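Peer 1: Would you mind keeping the following structure in view while I ask a few things?
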Amino acid sequence: MRFPPRITRIGAAAAVLSALLVGGTVTATPAAAAVGSICYSALPSQAHDTLDLIEQGGPFPYDQDGTVFQNREGILPSQSSGYYHEYTVITPGSDTRGARRIVTGQSNQEDYYTADHYESFDLVNYSC
């Protein structure tokens, strides 16, 4: 299984900025518009633990961690298969994996948090 390192991923924000600087246009798809934002500091501590494990390349607590996320809900921006990977955010007191996940994209720091098992996503903002 391949875990794309964060430091080699191209930033989505950089791509948008680049398009704007060269006079291009940036359009939001309906799915992309549905994605919110969350400050890194506002994430639960277990999400910080998961992001640290992703950065280190594991080991992960569940076999499903690191598997390809299919984006069947269509909430995240449309990308080719294999672009997104999902990881469990442990829910204290839960006997199962729970509903919380981090979904990573291949762009630099393109990390999404969901607390409701893919019904909604927030892009993690590392600047606040």
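The values are calculated or read from the model by the stated rules, or taken from the named source; none is laboratory data. Since the structure is predicted, the reported quantities are computational estimates derived from the model, not experimental observations. Heads up, the Cβs are rebuilt from the backbone with ideal geometry, glycines too, and the neighbour counts pull from every protein chain shown.
Peer 1: Does the range 66-77 hold any residues that are of a type in the set (D, E, K, R) and not in a loop (DSSP other than H, G, I, E, B), and which are they?
Peer 2: Residues satisfying the conditions do not exist here.
Peer 1: Output the number of residues of the range 97-126 satisfying the condition of being touching a residue at least 24 places away in the same chain (Cβ under 8 Å), of a type in the set (Gly, Ala, Ser) and surrounded by fewer than 16 Cβ atoms within 10 Å (Cβ to Cβ).
Peer 2: Total satisfying the criteria: 1.
Peer 1: Here is a further query. Mind telling me which of the residues Ser80, Ser18, Ser94 ends up being in a loop (DSSP other than H, G, I, E, B), surrounded by fewer than 18 Cβ atoms within 10 Å (Cβ to Cβ), modelled with pLDDT under 95 and among the hydroxyl-bearing types (Ser, Thr, Tyr)?
Peer 2: After applying the criteria, what remains is Ser94.
Peer 1: Something else about it: Would you mind telling me which numbered condition in (1) modelled with pLDDT of 95 or more; (2) within 18 Å of Tyr40 (Cα to Cα) Gly66 fails?
Peer 2: The number of the failed condition is (2).
Peer 1: Which count do you get for residues in the range 103-128 that are farther than 20 Å from Ser80 by Cβ and outside any loop (DSSP other than H, G, I, E, B)? I'd like the intermediate steps shown before the answer.
Peer 2: Residues of the range 103-128 farther than 20 Å from Ser80 by Cβ: 113-117, 119-120, 122, 124-128.
Adding the requirement that they be outside any loop (DSSP other than H, G, I, E, B) leaves 113-114, 122, 124-125.
So the answer is 5.
Peer 1: Do we find a residue being of a type in the set (Val, Ile, Thr), closer than 14 Å to Ile102 by Cβ and either in a strand (DSSP E or B) or modelled with pLDDT of 95 or more (or both) anywhere in the range 37-45?
Peer 2: yes
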